[in-house]
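A quick write-up on the structure given underneath.
The values are calculated or read from the model by the stated rules, or taken from the named source; none is laboratory data. Just so it is clear, the structure is predicted and the values come from calculations on it, not from any experiment. When we count neighbours, we look across all protein chains shown, and the Cβ atoms used for this are built from the backbone with ideal geometry, even at glycine.
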Amino acid sequence: MQPETTQSRFDRLVEIMRKLRAPGGCPWDAEQSHDSLKRYLLEEAYEVIEAIDAGGGEHLKEELGDLLLQPVFHAAIAEENGEFTMDDVLDAINEKLVRRHPHVFGDEVIETSAAQVQNWEKIKTKEKGVERKSALSGIPPHLPALMQAQKITEKAARVGFDWEHTDQVFAKVMEELHEFQEAMAAGDQKEMESELGDLLFAIVNLGRFLALDPEDALRKTIQRFTRRFSHIEETLHARGKGMQESTLEEMDLLWEEAKKLEKC
């Protein structure tokens with residue numbers, strides 16, 4: 001018996017999906033549509049990120065499989081509707097990758113990552129056949145706000161609308177913080193919301209300038225906060241106490257203890 005190849009394994013996945021959707025298959029799978037699957041596509045993508053943050057390995061392997069199922073699922077639905085097949089999806093991405101890497105599959109010379117990003121955008125514009133109305137066009141509206149902000153600042157920077165030095169970006173952050181403080185002092189809720197948005201946008205821009213991903217940075221901070229908060233809860237529970245019966249000073253000490261444990 002010949003061992004399975006990558007192609008045969010992928011073909012088997014496609015066939016399994018078709019069987020699940022076919023009469024006599026799985027009622028839940030058969031009921032799904034492109035629209036109903038949107039939430040699962042997002043959930044699986046975030047679970048892959050969680051697995052990467054946790055160190056990859058077996059967990060990452062499993063989550064990548066769950067994510068891979070999503071385009072296969074969508075392709076099966078599209079095939080039933082006469083829209084396109086999985087082969088069409090694969091042909092499209094293969095052709096796109098070759099077309100957008102002329103320095104690898106052609107004679108063009110591109111020596112830096114920044115130059116490749118610019119060339120990629122130029123090829124994308126040519127492929128669309130329509131000149132975009134704005135340098136900021138093409139950003140998916142459903143991206144999380146931090147990711148949208150990062151994309152916007154990246155696109156603005158590509159056309160020269162950018163700071164020259166980190167100090168300038170940091171000064172902008174401090175300026176926005178001061179304006180937020182003024183709005184707080186005035187007690188104007190609408191102005192506070194506006195200034196908070198400006199402050200967050202400036203911080204995202206600072207992160208981009210320092211090659212830091214704001215979405216990753218915030219997610220990791222949330223994870224640290226959750227771990228430390230859990231340490232407080234668990235320690236107090238072991239002492240027969242709840243957080244409501246504990247002082248802030250006591251909880252602060254446990255917070256610092258959790259920080260030290262993370263460094264061990």
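What the table below lists for this structure:
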| read-out | value |
| --- | --- |
| Exclusive hit being out of contact with any Leu (no Cβ under 7 Å at 6 or more places or on another chain) and under 30 Å from A157 (Cα atoms), set D213, D188 | D213 |
| Any hit, segment 110-117, residues being out of contact with any Cys (no Cβ under 9 Å at 6 or more places or on another chain), at negative phi, of a type in the set (D, E) and surrounded by 13 or more Cβ atoms within 10 Å (Cβ to Cβ) | no |
| Segments classed as helices (runs of 4 or more DSSP H), wholly inside segment 1-55, with at least 2 members that are farther than 14 Å from A75 by Cβ and small (G, A, S) | 38-53 |
| Subset of segment 110-144 [part of a helix (DSSP H, G or I) and without any contact (Cβ under 8 Å) to a residue 24 or more places away in the chain] | S113, A114, A115, Q116, N119, W120, K122, T125, K126, K128 |
| Any hit, segment 74-81, residues being exposed (fewer than 12 other Cβ atoms within 10 Å of the Cβ), of a type outside the set (D, E, K, R) and either touching a strand residue (DSSP E or B) at 6+ places or on another chain (Cβ under 9 Å) or at pLDDT 95 or above (or both) | yes |
| Selection within segment 56-81 - closer than 18 Å to P23 by Cα and outside any helix (DSSP H, G or I) | N81 |
| Hits in segment 82-96 (condition: within 15 Å of R18 (Cβ to Cβ), part of a helix (DSSP H, G or I) and among the hydrophobic types (A, V, I, L, M, F, W, C)) | M86, V89 |
| Selected residue (only one of L206, L199, L177, L218 is at pLDDT below 95 and either surrounded by 13 or more Cβ atoms within 10 Å (Cβ to Cβ) or under 21 Å from V117 (Cβ atoms) (or both)) | L218 |
| Qualifying positions in segment 61-88 - aliphatic (A, V, I, L, M) and more than 25 Å from the chain's Cα centre (by Cα) | A76, I77, A78 |
| Condition check for T125: under 18 Å from L206 (Cα atoms) and of a type in the set (S, T, Y) | no |
| Hey, E249 in a helix (DSSP H, G or I) and closer than 30 Å to G55 by Cβ or not | no |
| Test: residue in segment 227-236 that is assigned to a helix (DSSP H, G or I), crowded, with 16+ Cβ neighbours inside 10 Å and in the same structural domain as M147 (by TED's automatic domain parsing) | no |
